[in-house]
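Everything below concerns the one structure shown next.
Values quoted throughout were computed directly from the atomic coordinates according to the rules given, and no laboratory measurement underlies them. Since the model is a prediction, treat every value here as computed from it, not as a measurement. Every residue, glycine as well, gets a Cβ built from its backbone with ideal geometry; the counts of neighbours run over all protein chains shown.
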Protein chains: 2
Amino acid sequence: MTSPSTGPSRWERLHESIQAKTPIFDLLRARFRHPVRGSERDFVVLSPPDWVNVVALTPEHHLVLVRQFRYGINDFSLEIPGGVMEAGENPITAGLRELREETGYQGTSARLLGSVHPNPAIQSNRCHFVFAEGTVPTHALEWDQDEEIQIMTSPVDAVLALARSGGITHGLVLDALLLFEPHWQRIKAGAS
Amino acid sequence: MTSPSTGPSRWERLHESIQAKTPIFDLLRARFRHPVRGSERDFVVLSPPDWVNVVALTPEHHLVLVRQFRYGINDFSLEIPGGVMEAGENPITAGLRELREETGYQGTSARLLGSVHPNPAIQSNRCHFVFAEGTVPTHALEWDQDEEIQIMTSPVDAVLALARSGGITHGLVLDALLLFEPHWQRIKAGAS
């Protein structure tokens, strides 16, 4: 890489306080000190548990999709299954659990596609993406209170086309689908 | 699409209150009513302004990158330029402004690559992705207080390889880069 400028400093995190608690994250005020200037400043940090989303491929090479009303945008959103990881859970276990609870689908094998920080500037957690193969509906649904989920399947290429054309707008779901794309090209090449 | 289940209901948003204010978003408690059951429930909604990120291509077919210390993850993060849109600003104007202020680069043309919801479940805003071509360093830097940004350029294919291998972990930056990929394939095909 070509870089004409000098590197940024690593601020020292001194302490934090909880500004607000919610059922899904704590809103922290974290105090940082600049290592050179010595100046101190508070920054806002959201601290949710890690999240997981699952790219679930059926034997017919469809993907499992969920459509839900989302309170943040006050509208419906088409997504892949996912949710909040429990303490101590690994991403693959958590992903398969969320897939089963939300959709009743279970897979024959699963692996990690990748992990991101949803927003490094203001949020501490990570979101993991799991790819599950051979998924078929086997279980009863176990929805949380107030969950109403329309479960759908659609051919992979149709889902990827939706992702690239604005039909799927959830940024983390888009990450998972676009990270899955080269895996899908290999599967398709082997299957055809 | 194949869907064996019925659709979810559209909840009615009744009113909201501010649970906490921060410099970068309001934390709302929004009251919703289920249209069939009539039950009411509060949900947490983060309400930031819209954001924008810029895929800035140089005449040498490098991308402009920024490396910063990020308080949310308490670590450094390699990203593309971006920031908060101002009220009434359109995404392209905002993206070019952020590019100029953060890196001093200015482009010859720009267009929208796409827009996402960073988190439809709990967050109301959108993040827009702008593609700027012919970008070269022309302006003095205008960093906000406490901004320290390492400005770099790197060949597009190297950046995309980093994005797909975990070297770039910002989920929204990853969206922008992966949405840019087919555009880049066309540019590369035309340029070679």
Task: Ascending list, in nanometres, of distances separating the residue B:143 label from those of the other copies (7 Å, Cα toward Cβ) - done: 5.0
Task: Cβ-vector label at 7 Å, residue B:9, separations to other copies in nm - done: 5.5
Task: Zero-based 20 Å bins, Cα pair distances in the protein assembly as shown, whole percents - done: 27, 58, 15, 0
- [ ] For segment B:10-62, run through the GluC sites (Glu not before Pro) and keep only the ones in DSSP coil with at most 14 other Cβ atoms within 10 Å of their Cβ.
- [x] B:60
Open item on the list: Suppose only helical runs count, i.e. DSSP H with n ≥ 4. What mean residue ellipticity at 222 nm does that imply for the protein assembly as shown under -39500 (n - 2.57) per run, divided by all residues and rounded to the nearest 500 deg cm²/dmol?
Closed with: -7500 deg cm²/dmol
- [ ] Taking every Cα atom in segment B:65-138, find the radius of gyration and the maximum pairwise distance Dmax, and write them in Å.
- [x] 13.3, 40
Task: Neighbourhood net charge (14 Å Cβ-Cβ; Lys/Arg +1, Asp/Glu -1) for residue A:42 - done: +2
Open item on the list: What's the magnitude of the charge dipole for segment A:51-191 around its Cα centre, counting Lys and Arg as +1 and Asp and Glu as -1 at the beta-carbon? Answer in Debye, nearest 20.
Closed with: 560 debye
Task: Pseudo-label separations to other copies for residue A:188 - Cα-to-Cβ vector, 7 Å, nm - done: 1.7
Open item on the list: Using 0.36 nm times the number of residues separating residue A:189 and residue A:61, minus their current alpha carbon distance, what extension gain do you get?
Closed with: 44.8 nm
- [ ] With a Förster radius of 25 Å, plug the Cβ-Cβ distance of residue B:139 and residue A:9 into 1/(1 + (r/R0)^6) and report the FRET value to the nearest 0.05.
- [x] 0.60
Task: Residues with amide H under 5 Å from that of residue B:85, placed H, sequence gap 5 or more - done: B:50, B:51, B:52
